[in-house]
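Below you'll find the structure, written out as structure tokens, and then a few comments.
The values are calculated or read from the model by the stated rules, or taken from the named source; none is laboratory data. Keep in mind that this is a model prediction, so the values were computed, not measured. For neighbour counting, all protein chains shown are included, and Cβ atoms are generated from backbone atoms with ideal geometry for every residue, glycine included. Protein only, heavy atoms only, side chains kept; ligands, DNA and RNA dropped before computing areas. Shrake-Rupley method; radii C 1.70, N 1.55, O 1.52, S 1.80 Å.
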Amino acid sequence: MDGYQGLTALIESAWEELNGSDAGRRDLCLEVVSDVLESGRLTPDDAERAVERLVTVALSDESYPARESALHAACTASTHYELPYRVVEPLAAGADAFEPLLLDYVLAILGSTRDQGALPVVKRFLQHPHPEVRKEAAEAVEELRWSREPDQGETGQ
């Protein structure tokens, strides 16, 4: 088994264990997935598949620690891979249901997509009652606006 196969086997093992474990163990499984994503050694397709599963966990798990671990792992992935908006779009649709700390992760992930489709969702949180959420929303808006500028400059040439 080469190094890449070892990484994919590790992540598959974590997914399998995640399905049958208690909340504390699920949290540890998600940390394994995060560690693999942090390596930056997965193919973009494998990273996207992992993030899609993380998004599902973040939106459906009853355990707050597991949801936080899933969002942390997805956020980690967004710093090592260019994630298309379509992969994390379910987070945008479910953003209003997240607690403020988890919403910080969601906004960071959406901002990292560089997709203007995320902008209306992120802008809604500029008026959020929690200052940390407003700050993260402002940073995500800036990241999305900044990523738009090079495209405009290229079309103007």
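At a glance:
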{"item": "HN-Hα J in Hz across region 72-85 - Karplus 6.51, -1.76, 1.60, θ = phi - 60°, x for Gly and Pro", "result": "4, 5, 5, 5, 4, 4, 5, 8, 10, 9, 8, 8, x, 4"}
{"item": "Computed over region 28-89, the ratio Rg/Rh where both radii use C-alpha atoms and Rh is Kirkwood", "result": "0.94"}
{"item": "Å² of accessible area per residue within the chain, as computed with a 1.4 Å probe and no ligands counted", "result": "53"}
{"item": "Residue-wise HN-Hα coupling along region 4-13, computed from phi with Karplus coefficients 6.51, -1.76, 1.60 (Hz; x: Gly, Pro)", "result": "5, 4, x, 5, 5, 5, 4, 5, 5, 4"}
{"item": "Residue-span extension gain [Arg124 to Arg145] - 0.36 nm each, minus C-alpha spacing", "result": "6.1 nm"}
{"item": "Karplus 3J(HN,Hα) series, Hz, for region 103-109 with 6.51 cos²θ - 1.76 cosθ + 1.60 (x for Gly, Pro)", "result": "5, 4, 4, 4, 5, 5, 5"}
{"item": "Computed E for Glu17/Arg41 - FRET, C-beta separation, R0 22 angstrom, nearest 0.05", "result": "0.55"}
{"item": "Rg followed by Dmax, in Å, when the chain is reduced to its Cα trace", "result": "16.2, 57"}
{"item": "Carbon and sulfur %, accessible surface of region 42-157 computed with the full protein complex present, 1.4 Å", "result": "50"}
{"item": "Ser78 - accessible surface, heavy atoms, 1.4 Å probe, Å² rounded to 10", "result": "20"}
{"item": "Rounded FRET efficiency, nearest 0.05, which uses the C-beta distance separating Ala9 from Glu99 and R0 of 30 Å", "result": "0.35"}
{"item": "Pair Tyr64, Arg86: separation of 7 Å Cα→Cβ label points (nm)", "result": "3.6"}
